[in-house]
Amino acid sequence: MSSLQLLALGSNQFHGHVMDLFSGIASNIAVLSISRNDFTGSIESFSKLKHLEYFNAAGNHLSGVLPNDADVLSHLQGLYLNYNKLEGKIPPFIGNLTYLSELGLGPNYFSGSLPSTFGRLENLEILHVQGNFLTGSIPKEYSNLSNAVAMNFGMNRELSGSVPVGMCRLATLETITVTDTEIVCDCQQKCITA
């Protein structure tokens, strides 16, 4: 399988430790979708997947914290880790993945503040961090996300403050979801508050 570039295993009942799966995958794989299965364990390293452009592991039972080597994913355009049991702080170095256009990190058990480094993701269109335990406010740097279409911060009951005015002015941004938060949103038609 050394030339394998796409592996789609979604919506099956596959199970086992996610790192066992990683060990059997070709290092040049570009697309890996294991969504809606029963994979468990923590993602200990992304180092073998440095050519990955799209990774969807949503809807499994992944746990633990994200590894510090995710910055090797410099080609990554889509990262979906929604509906797992991941915890700890959202790693700031995700803001270095400059090709990233879609990022799904919720619901999980992430805590702490939203990384201001996400403001460097100039290609980001979709940001989903809903359903975590995030605190603080939305960083003003998110006003730099000029390609953003949808951002979901909902169900983070400890998020507070106001949506940065600059985010309200983003021409491509259609929705900002702040349901079940303490965030004040004055962006009128762009805000989903209930």
Note to self: Can you list residue pairs whose Cβ atoms sit under 8 Å apart, with the first residue in the range 11-30 being in contact (Cβ under 8 Å) with a residue 24 or more places away in the chain and the second being polar (S, T, N, Q) and surrounded by fewer than 12 Cβ atoms within 10 Å (Cβ to Cβ)? Count only pairs 6 or more apart in sequence or on different chains.
What the structure shows: ALA26/SER2; ALA26/SER3; ASN28/SER2; ASN28/SER3
Margin query: Which pairs turn up if I take residues in the range 47-70 that are without any contact (Cβ under 8 Å) to a residue 40 or more places away in the chain and within 14 Å of VAL18 (Cβ to Cβ) and look for partners that are open to solvent by 70 Å² or more (accessible area, probe 1.4 Å) and part of a strand (DSSP E or B) with beta carbon separation below 8 Å, at least 6 apart in sequence or on another chain?
Written below: HIS61/LYS85; SER63/LYS85; SER63/GLU87; GLY64/GLU87; VAL65/GLU87; VAL65/LYS89
Check: Quick one: what pairs do we get from the range 163-184, first residue free of Cβ contacts under 8 Å to residues at least 12 places away in the same chain and within 16 Å of ILE126 (Cβ to Cβ), second assigned to a strand (DSSP E or B) and of a type in the set (A, V, I, L, M), C-beta under 6 Å, 6+ apart or different chains?
Finding: none
Note to self: Looking at the range 139-162 only, could you name the residues that are open to solvent by less than 10 Å² (accessible area, probe 1.4 Å) and in a loop (DSSP other than H, G, I, E, B)?
What the structure shows: LEU145, ALA148, PHE153, GLY154, ASN156
Margin query: Out of everything in the range 67-76 that is open to solvent by less than 20 Å² (accessible area, probe 1.4 Å) and within 14 Å of LEU103 (Cα to Cα), what residue ends up being modelled with the lowest pLDDT?
Written below: ALA70
Margin query: Can you tell me which condition VAL18 does not meet? The list is (1) among the aliphatic types (A, V, I, L, M); (2) open to solvent by less than 40 Å² (accessible area, probe 1.4 Å); (3) in contact with a Phe, Trp or Tyr (Cβ under 7 Å, 6 or more places away or on another chain); (4) closer than 21 Å to LEU100 by Cα, and all the others hold.
Written below: (4)
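The values are calculated or read from the model by the stated rules, or taken from the named source; none is laboratory data. Just so it is clear, the structure is predicted and the values come from calculations on it, not from any experiment. Backbone-built Cβ (ideal geometry, glycine too); neighbour counts: all protein chains shown. Side chains are part of the model used for accessible areas, which takes the heavy atoms of the whole protein and leaves out ligands, DNA and RNA. Shrake-Rupley method; radii C 1.70, N 1.55, O 1.52, S 1.80 Å.
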